[in-house]
1. Once label points are set 7 Å from the Cα along Cα→Cβ at both residue 332 and residue 65, what is their separation, rounded to one decimal in nm?
2. Need the list of lysines near residue 143 for cross-linking: C-alpha distance under 20 angstrom, and skip anything on the same chain fewer than eight residues off.
3. How large is the dipole of segment 1-150 about the Cα centre if only Lys and Arg carry +1 and Asp and Glu carry -1, each at its Cβ, rounded to the nearest 20 debye?
4. From the C-alpha gyration tensor of segment 1-155, pull out the three semi-axes of the equivalent ellipsoid (sqrt of 5λ each), sorted largest to smallest, in whole Å.
5. Relative contact order of segment 262-366, please, whole-number percent, based on alpha carbon pairs below 8 angstrom and at least 6 residues apart.
6. Do you know the relative contact order of segment 200-288, to the nearest whole percent, from alpha carbon pairs under 8 angstrom that are 6+ apart?
7. Each residue of segment 151-158 in turn: what ³J(HN,Hα) in whole Hz from Karplus with 6.51, -1.76, 1.60 and θ = phi - 60°, glycine and Pro shown as x?
8. Dividing the convex hull volume of the alpha carbon atoms of the chain by its residue count, what do you get in Å³ per residue?
Amino acid sequence: MTRSDRSHPLIAARHFVRDCEILRIEPWGDGHINDTWRLRLAGRTDGLLQRINTDVFRNPVLLMENIQRVAAHIRGVVEAAGQDPTRRVLTVMTAADGANLFRDAAGDYWRCYGFIAGVHSLNRAENPGQIESAARAFARFQKYLVDLPGPGLHETIPGFGDTRLRLTAFKTVTAADPVARAAAVQREIDFVFARETLAAGLMRLLENGDVPERIIHFDTKLNNVLLDDETGEGLCVIDLDTVMPGTLLYDFGDLVRSGAARCLEDETDVSRAGIDLDLFAALVRGFLQEARHILVPNEIENLVYGARHVTFTMGLRFLSDHIDGDRYYGIDRPGQNLDRCRTQFAMLADMEAKAKQMTEIIAAAL
Ligand code: ADP
Ligand code: GN1
Ligand code: MG
C-alpha cells in the first residue's frame, strides 16, 4: 500500500477521542518502527496516537493484550506506592466499543495512550545524571515484572532475541545482495564474520539455564524512557511492544549501547563513536542500586558480555537492513542504516578494548 492510500490519522483519533475537540494533530517522537502523533485536545490530557507497524508486529491484538497486562500490573505497584500512575505508566485509551485497537478501512491498526506531559526523552545522554536516572527506571521496570501474574506473555516478534537467527538472515541477504550494496560494505561484513561466535551468546546462556528467563522490555534504548522535565527522574518506561520473555542481560546491554554512547546512533562521523566510561559508571550505579537484589551471580558476571552482545546484534541488524535496501528501519536519508551500523561496530570495538575497565566499574558498584 502506498502512503497516500492510508487513512488520515484524524479518522483513527476520533475513535479514541469522542468527548472533546481535537485541536491539532502533530507528528511526534523519534521511533524507528511505529508512526506516532500527538493529539492536542481541548480541556483534556492530550493523546499519543500510534499506527502500529504490522510488517514488524504481525498480531496487534495479542500485542495489545501483552501491553494491557503489563501496564495494569505496573499501575498497581505505582498506586500502592502512592505515586501518580498517569505519569509513571502508559494509560491505554479505548474506543467506544471498549477496544484498545482501531482497525481502519485500509487495514491499518491504531492505538492511543494518554500523553504524558512535562517530560522529555533523549537520543543521547549528555551527562551522567541523565543515564543514571534512565537506568533506574529500566531497572525498576525489571523489578515490577518479576511477579507478573498469569500465563506467559505472547511472543510479539518470534525469535526477536535470538541473534543466531539474525546472523543467518544476514548471510542470506548478503548472498542475495538485492540492491547491490554488499561490495561497498565488505569491511563491515568482515567485522561480522570475525565475531560470529558472539551471536549464540545470550540464547545459549538461557538455554543452558545459566541465567534465568525473565520478562524483559527488549527495547531499552535511552529514548524509550520519559524523564521528568523538572526533577530529571526517569518517570515512565514506554514502547512496550517487545515486552516478552528473555534475559535481563539483553535489556542491560541495549541500555549500555544506547545510553553510554559517545555519539548519536546515526552519527556520520564514526570517529566520534565509542563508549563513555563516565556514562557507563553512572548507568551501572543507577541500574544496580535499583535491581542488584534480584540479579543472580551469573547475571552479574555476564553484564559486560550482554553489552557487547547487544551492540553486535544491533550493528548486524542495521547492516542487514542496509544491504536489504532499508526495508525494516525507518530512514530519513540514504546511508542512515550504514551509519547506524558503523557506530555500533565502533562502539563494540571500543568495548572490546575497555572490557577490563567495564568489569572493574561493575565490581566497584556492587
Ligand atoms: P517507536 O516504537 O516507533 O519507537 P514509541 O512508542 O517509542 O515508538 O514512541 C515514539 C516517541 O513518542 C517516544 O520516543 C516518545 O518521545 C514519545 N511518546 C511515546 N509515548 C508517549 C506518551 N505516552 N507520552 C508522551 N510521549 C510519548
Ligand atoms: C527499534 O522502536 P524503536 O525505535 O524504539 C527496534 C529496536 C532497536 C532500535 C534501534 C521492534 O526500536 O529493536 O534496538 O530500533 N525495535 C524493533 O534504534 O525492532
Ligand atoms: Mg521507541
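Computed from the coordinates by the stated procedures, all read-outs in this text should not be read as laboratory data. For clarity, every value in this text was computed on a predicted model and none was experimentally measured. Every residue, glycine as well, gets a Cβ built from its backbone with ideal geometry; the counts of neighbours run over all protein chains shown.
1. Modelled inter-label distance: 3.8 nm.
2. 221
3. Working: 20 positive and 17 negative charges, 20 e Å.
Magnitude of the dipole: close to 100 debye.
4. On the way: eigenvalues 141, 75, 60 Å².
Over the Cα atoms of segment 1-155, the ellipsoid semi-axes are 27, 19, 17 Å.
5. Details: 93 pairs, mean separation 46.3, N = 105.
After rounding, I find 44 percent.
6. On the way: 105 pairs, mean separation 23.3, N = 89.
After rounding, I find 26 percent.
7. x, x, 6, 5, 7, 6, 10, x
8. Values: hull volume 52.9 nm³, N = 366.
That works out to 145 Å³ per residue.
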